[in-house]
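What follows is a short report on a single structure.
The values are calculated or read from the model by the stated rules, or taken from the named source; none is laboratory data. Since the structure is predicted, the reported quantities are computational estimates derived from the model, not experimental observations. FYI the Cβ positions are ideal-geometry reconstructions off the backbone, even for glycines, and counts take in every protein chain you see.
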């Protein structure tokens with residue numbers, strides 16, 4: 001009886017810690033302690049990520065976004081997801097309606113909200129994956145190697161990060177085919193139940 005009670009308390013504590021892994025900032029956005037704070041000069045951020053052996057991903061969120069909250073509490077709180085992202089990506093958060101200054105790859109200085117409009121990002125959360133090297137004379141939207149608009153489950157989310165990390169966008173295997181192949185391999189290995 002004591003052991004069962006102890007395990008129940010331990011499980012509740014673990015879930016509670018997982019659910020509270022991010023804090024909400026003054027801008028109303030969830031903050032992961034491993035998100036990067038930068039001057040939001042996209043070319044500099046791409047180069048800084050490369051210097052760290054990583055890729056840059058920009059994440060657009062907004063205050064009160066229930067899908068953003070779910071992404072933080074259910075997806076980014078999962079160590080399998082967060083550990084992979086931390087090891088391979090530099091993540092810079094943008095406020096869809098924010099006023100912080102942003103410098104686009106083409107040199108134009110904007111606010112977060114005017115940048116989101118210029119680049120055509122209208123959903124939150126939206127992840128924007130940038131190339132390894134900063135191209136000249138292009139906008140972020142033109143240079144992006146992949147964009148993930150909206151909220152997805154763990155495996156779609158993680159597989160997109162893996163696909164970009166593996167440079168799947170350069171090959172012939174579309175992300176949807178890659179994702180289906182990975183899911184089928186996981187099922188065959190007994191790592192995933194049939195959905």
(message) I'd like to know if the stretch 110-118 contains one or more residues that are within 25 Å of residue 158 (Cβ to Cβ) and at pLDDT below 95.
(response) no
(request) Tell me which of these residue 97 doesn't satisfy, since it passes every other one: (1) touching a residue at least 60 places away in the same chain (Cβ under 8 Å); (2) under 23 Å from residue 151 (Cβ atoms); (3) in contact with a helix residue (DSSP H, G or I) (Cβ under 9 Å, 6 or more places away or on another chain). (result) (1)
(message) Which condition from (1) in contact (Cβ under 8 Å) with a residue 24 or more places away in the chain; (2) on the phi > 0 side of the Ramachandran plot; (3) touching a helix residue (DSSP H, G or I) at 6+ places or on another chain (Cβ under 8 Å) is the one that residue 161 breaks?
(response) (2)
(request) Kindly provide the set of residues from the stretch 33-43 that are over 18 Å from residue 98 (Cα atoms) and either surrounded by 18 or more Cβ atoms within 10 Å (Cβ to Cβ) or in contact (Cβ under 8 Å) with a residue 40 or more places away in the chain (or both), ordered by number. (result) 34, 43
(request) Kindly indicate whether any position in the stretch 125-145 is modelled with pLDDT of 95 or more, more than 19 Å from residue 55 (Cβ to Cβ) and in a helix (DSSP H, G or I). (result) no
(request) May I ask you to list the residues in the stretch 114-124 that are part of a helix (DSSP H, G or I) and on the phi > 0 side of the Ramachandran plot? (result) none
(request) Might you check whether a residue that is in contact with a strand residue (DSSP E or B) (Cβ under 6 Å, 6 or more places away or on another chain), under 23 Å from residue 44 (Cα atoms) and exposed (fewer than 14 other Cβ atoms within 10 Å of the Cβ) occurs anywhere in the stretch 102-122? (result) yes
(message) From the list 46, 59, 75, exactly one residue is out of contact with any strand residue (DSSP E or B) (no Cβ under 9 Å at 6 or more places or on another chain), modelled with pLDDT of 95 or more and surrounded by 12 or more Cβ atoms within 10 Å (Cβ to Cβ). Which is it?
(response) 75
(request) Look at the stretch 178-195 and say how many of its residues are surrounded by 12 or more Cβ atoms within 10 Å (Cβ to Cβ) and either out of contact with any helix residue (DSSP H, G or I) (no Cβ under 9 Å at 6 or more places or on another chain) or in contact (Cβ under 8 Å) with a residue 40 or more places away in the chain (or both). (result) 3
